[in-house]
1. Going by how many other beta carbons lie within 10 Å of each one, how would you line up B:Trp329, B:Trp34, fewest first?
2. By count of other Cβ within 10 Å, fewest leading, how are B:Trp249, B:Trp171, A:Trp18 ordered?
3. For peptide B:85-92, what's the mean number of Cβ atoms from other chains within 10 Å of each residue's Cβ?
4. So how do A:81-94, A:342-355 stack up, highest first, on mean other-Cβ count within 10 Å?
5. Name the most mobile residue of A:Asn287, A:Asn164, A:Asn298, meaning the one with the largest mean-square fluctuation, in a Gaussian network model of chain A with Cα contacts below 10 Å.
6. Grab the beta carbon distance between A:Gln214 and A:Thr244, set R0 = 22 Å, and tell me the FRET efficiency rounded to 0.05.
7. Using the Karplus curve 6.51 cos²θ - 1.76 cosθ + 1.60 with θ = phi - 60°, what ³J(HN,Hα) values do you get for each residue of segment A:37-44, in whole Hz, with x for Gly and Pro?
8. Could you tell me how far the Cα centroid of segment B:334-392 sits from the Cα centroid of segment A:61-125, in Å?
Amino acid sequence: MQRFAAAAHDPLGYAKAWKERTGRKVIGSFPMNFPGELAHAADTLPMILQESEDPITLGHGLLFPFYCGYTRSMVDQAVRGDFGVLDAIMFGDHCVQLLGAADAIRMQLPDTRVIFFQLISSMCDPWTQGRSEESFSKLKAELEDFTGAPVADAALHASIRLFNRNRGLIRRLYQMRKTGAAPLGSVEMQHVVKSSMVMDKAEHTQLLEALIEQVENAPAAAARTVRLHLSGHFCQAPKPEVLTMIEECGVTVVGDDLYHGFRYISTDVPEEGDPIQGLARWYLDRNTGVPCPTRVQNNVDWDAYLLNAIREERAQGMIVLMAKFCEPHMYYYPEVKEAFEKAGVPHLLIETEHESMALESLKTRVETFVEVVKHRQAA
Amino acid sequence: MNIAFRPFEEKKANKLDSTRIAGKLVNDYWEMVWRAKDEGKLVCWYEGSAINPFLEAADICWVHGEAYSAMLAARHQEGTAQRVAEERGYLRELCSYARTHLGCAVSNQRLRGDNAGAAPDEDDLTWKLPAPDMIISAYAYCSTGQQWDEMTSRVFGKKVPIFNVSIPWIWGAKPDAGYLRGEEWEETSDYVARQLRDMVKFIEERTGKPYPWDRLYALMADIRRASELRLEAMELCTAQPAPASFFDWVVSIAPINNLPVPGVKQYFETVLEEVKQRVRDGEGTVPDEKYRLFFDGIMNWNKVGWLANKFARWDAAVVAGRYTHMAFWQEPGLIDPNDPVRGMAQNYLICPNNHAAPILIELIMGLCRKFKVDGMVIHASRTCRAFTNPQFMIAEAAHKRLGIPTSMFEGDVTDESFYKDELLNSRVEAMLEAIEARRMVAA
């Protein structure tokens, strides 16, 4: 767990050490739909760029303060020269704030290759699969041009199998968490997932196997009083101190759909057939598996997914963690709110910020919410 | 004289008389929209790209979301819609165009839809929009557009068929990339054109009739001409004093962007004639033009007249802007009236944000040079990140490439509460001081 925590705490430091050790290239990517398998098959280290814990300084000169913490932190890290370890940066999603960050980063890092492959965000059009294949093919061609070597299908299939194995193991931890068999708190789960976004996948998988063996032999987690689901927080990880504060209020987190959580590992890539078609299939399947408000798909409902997840997890309520200024989340939240109110499932909205938050005041709100949940249960 | 302490004289913007016609056209259009259901018309809601000719040709009533929100803000009647949206849970930092329009959708559903019960107030424009029979989403650059349309569909219980046209961003990284050129430009043009043709099939399914292509061709011939007239009139504002301002072109957005095509060509003929006459007479858009400014950013719709008069009092002619001069059928030459679809797709692709910053900045610098501006005023609109994304880079380019000062102020598209009047005053006055100081040094 310490190695997971170390990589999660200092992703760029991990990448630097890996690069010095292997002499290979590091490719940073924006969340949330980058197929790391492709970059891995191209013999590089794919890592999803993480929001820094540092306050925004120079980045204020490039993006306004009314942008989400993730985009501001990305630009800030670029301006400060923190991305020196990266040989290339890739992004493919078209959230308007990410586009602003991408433009600013390209202007700031003229010597770093910044690659854009635009993924279609309308998920149920007749051409969505085809257009996704085109985008992933373009990305593959860009990677091949960048590394100077072709990416063989066999290598890509091998990377897909490795990534699937890694996701499957983390899903096992999630299953054990649901049943109470895994004594892992939310911060530890975040370390596991976040480090998977950063670390060499084979190394991470090996450590994960050891962790699962350790967890399987450990005594069951001590049951706290209220079982809750954590929802939201897409591109960036919720701050560990927020997660700790929630659990200190007498909460057991039994499931989540955080990007630095179940959303990241929810779906596998088909291991057979054309790998590009497989990656496109994965892209579509992820949104039917765990719907994301950054996509539009009229025949899939995030609110219904959440209510179903809560039933499966036997959760008694949900805390929504919304990164301030996250537009997709702001759009969808009223749907979730209405669905939960209609279903009589309590939920609490917490807006989080990159800058320090008034944790004590948040704690009072969470404690009150926990009491509300308890009263509902008793009634 | 220190302009910061110069007493404000009661100068006013010398608005184009012909823009009054735009006001009437806008009113007539919305009256038509409000009557649409009574007249048995199908209604389509859409945002962003000007797909209205496709709908107008098929005799479908079109409702442009931003236009409705802007109209409410311009009439200072946006408050109810924004309050209704907030009550449903839409947070204040969300695009205020969308928030206002979604407030109308929620209000419509509550008063006339599945949850009907309350009696609508006849004077409240919030509820008056006819509910959509279809939604078409065709939004360039800003992810918010597609999500807004999706949420609108959900407000109406997902009972309204929706069609999505995906318009890619022009990243422009290849060596051949540039404005209206390169492989990426051609490929994205084809991609959007293919989707527009599928959109027409969607329209045919809704109307149950074959699509009247001839009517579209005729409408696009008129739009092409109207666009040429508009651009010609704008071009004449290189004259000193400038005969019309950015604010006149703001008022002229609705005619070129979303009003019924018949009447639009004539409107711009009238505008062009008036601009020509002013050039002949040496009549300026501000009484005493001393400064020429570029306006970067979207409009603050609650403040159009207010800002026009404010800049007039500063003797500052705002001669061009990104919002007005880089959008709205901006490239009429691309439209072939006998086969307009690809050219329409290309015009949708060149909304004022849909090119990556290097291309965008080059275009803006070109406009600043052409209109011989002394400075740039930048509207940092709180909830419109599509416009604010490149603004620091634009400001830097203005300083470094053109050597002109810039001034940023905070506001918003339709949420007046974000507008900071004193910030605007002090910052623009400081910029004008800087311009004066440079002139003195140069002299």
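1. The most exposed by this proxy come first: B:Trp34, B:Trp329.
2. A:Trp18, B:Trp171, B:Trp249
3. Mean inter-chain Cβ contacts per residue within 10 Å come to 4.
4. Top to bottom by mean Cβ count within 10 Å: A:81-94, A:342-355.
5. Highest fluctuation among the options: A:Asn298.
6. 0.55
7. 4, 5, 5, 5, 5, 7, 6, 10
8. 20
Bear in mind these aren't lab numbers, they're just calculated from the coordinates by the rules spelled out. Computed from a predicted model, the values in this text were never measured in an experiment. Glycine also receives a Cβ, built like all others from the backbone with ideal geometry; neighbour counts cover every protein chain displayed.
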